[in-house]
1. Within the stretch 341-361, work out how many residues are open to solvent by 30 Å² or more (accessible area, probe 1.4 Å) and in contact with a Ser or Thr (Cβ under 6 Å, 6 or more places away or on another chain).
2. Which of the residues that make up the stretch 75-100 are open to solvent by 20 Å² or more (accessible area, probe 1.4 Å) and hydrophobic (A, V, I, L, M, F, W, C)?
3. Read through the list (1) open to solvent by 30 Å² or more (accessible area, probe 1.4 Å); (2) modelled with pLDDT of 95 or more, then give the number of the only condition that Arg45 fails.
4. Go through the stretch 163-180 and give me each residue that's more than 22 Å from Pro279 (Cβ to Cβ), part of a loop (DSSP other than H, G, I, E, B) and open to solvent by less than 10 Å² (accessible area, probe 1.4 Å).
5. Applying the selection to the stretch 220-232, what residues are in contact with a strand residue (DSSP E or B) (Cβ under 6 Å, 6 or more places away or on another chain) and closer than 13 Å to His138 by Cβ?
6. With more than 23 Å from Gln332 (Cα to Cα) and in contact (Cβ under 8 Å) with a residue 12 or more places away in the chain as the only criterion, which of Ala287, Ala205, Ala254 stands out?
7. Among the numbered criteria (1) part of a helix (DSSP H, G or I); (2) of a type outside the set (Asp, Glu); (3) modelled with pLDDT under 95, which single criterion is violated by Arg266?
8. It is to be established whether one or more residues within the stretch 51-74 are surrounded by fewer than 17 Cβ atoms within 10 Å (Cβ to Cβ), of a type in the set (A, V, I, L, M) and at negative phi.
Amino acid sequence: MSLGSFATSQPLTLGVELELQIVNSDDYDLAPVSGDLLRLMARHRIPGDVKPEITSSMIELSTGVCAGYGQALAELGEIRNALVDCAGRLDVSLCGGGTHPFQHWTRRRIFQTERFHELSSLYGYLSKQFTVFGQHVHVGCPSADEALVLLHGMSRFIPHLIALAASSPFVQGEDTGFDSARLNSVFAFPLSGRAPFVQTWDDFAVFFGKMTRTGVVSGMKDFYWDIRPKPEFGTIEVRVLDTPLTIEKAAALAGFIQCLAHWLTREKPFTLSEDDYLPYTFNRFQACRFGLDGTFVDPETGEHRVLRDDLLAVLSRLDGHAAELRAEPALQYLRREIAGTGNDATWLRHIEADAHQLAEVVRRATKRWHG
């Protein structure tokens, strides 16, 4: 199978995708009604799209191509409002968060599409265990080579993004001790992790050709990398974020990623190297396990820093870029969170400590999502 050409895309434009939980309004367990919700949503005109996910208690919304943070927030709000209206007609609620705190994967149903059943046949029980919920952010790139350079530059900040977005401390009724337990489910899939260190599309095409010749992959969708190129869109896709509890947080994270991309492409603050990936898995684990209190190992100097401190230093370097992109509110939002609860995982734990019931945790999380 040919990799194909890399589509033309407006540089640094954004697209945001969010996978959402559909929950009953009585016991707040997952509700397998995505088909009904989609049928109701078909009557609404929205700026983006809503489509099914692998199990029938999930839904994925996506914005259109957005110039920046403000447009992304507006489109997310419009789609959210339509979804909430349709969910109310079905007597269900919608919820953010990277995992549902107490659902059991054995009760899930695979949504009726050919691709989802192919994945279920291939991956077995992992398909139902993939009832986890993430945010993906696409960033427009002017060329394929520039996309790969941006991908490797952005990879340095994967732990920062994981820690900021972490919202999945509970799995099947237990506190996992992780801020982002969702990513443990993603790690179980082959071809997860990081992309190969190639910086030209010609070299990537050689890699892709070797992989397709083995029969291991048939297209880019078979790669579950933390960041992957999306040639049909002309973007890179950042995939490590847990779904936040609010659209405001989702838009702020997208704005932060756009500011990072602007800084990396304009200032080129790092010389890229394969050695940048030496502490990658360690940094990623620290962010998943400890969130903002995790350890970040600088790939250039080997210095160990607390992720929270390094993130604040990065945010200060982005202020000028945020001003140019009109994304200052996004960075201000994230600074307030860092100074307050820290991330959504901490908020969820606080609610559980107060209520002592995970159903109540989900109920309050739905209230936040519904706005």
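The values are calculated or read from the model by the stated rules, or taken from the named source; none is laboratory data. On a predicted model such as this, the values are computed, not experimentally measured, just so you know. Cβ atoms come from the backbone with ideal geometry, glycine included; neighbour counts cover every protein chain shown. Remember, those area values only see protein heavy atoms, side chains included, never the ligands or the DNA or RNA. Shrake-Rupley method; radii C 1.70, N 1.55, O 1.52, S 1.80 Å.
1. Final tally of qualifying residues: 1.
2. Correct list: Val84, Leu90.
3. (2)
4. Within the stretch 163-180, Ser167, Pro169 meet the criteria.
5. Of everything in the stretch 220-232, those that are in contact with a strand residue (DSSP E or B) (Cβ under 6 Å, 6 or more places away or on another chain) and closer than 13 Å to His138 by Cβ turn out to be Ile227, Arg228, Pro229, Lys230.
6. Going through Ala287, Ala205, Ala254 in turn, the sole match is Ala205.
7. Checking Arg266 against (1) part of a helix (DSSP H, G or I); (2) of a type outside the set (Asp, Glu); (3) modelled with pLDDT under 95, the one that fails is (3).
8. Yes; the residues of the stretch 51-74 include at least one that is surrounded by fewer than 17 Cβ atoms within 10 Å (Cβ to Cβ), of a type in the set (A, V, I, L, M) and at negative phi.
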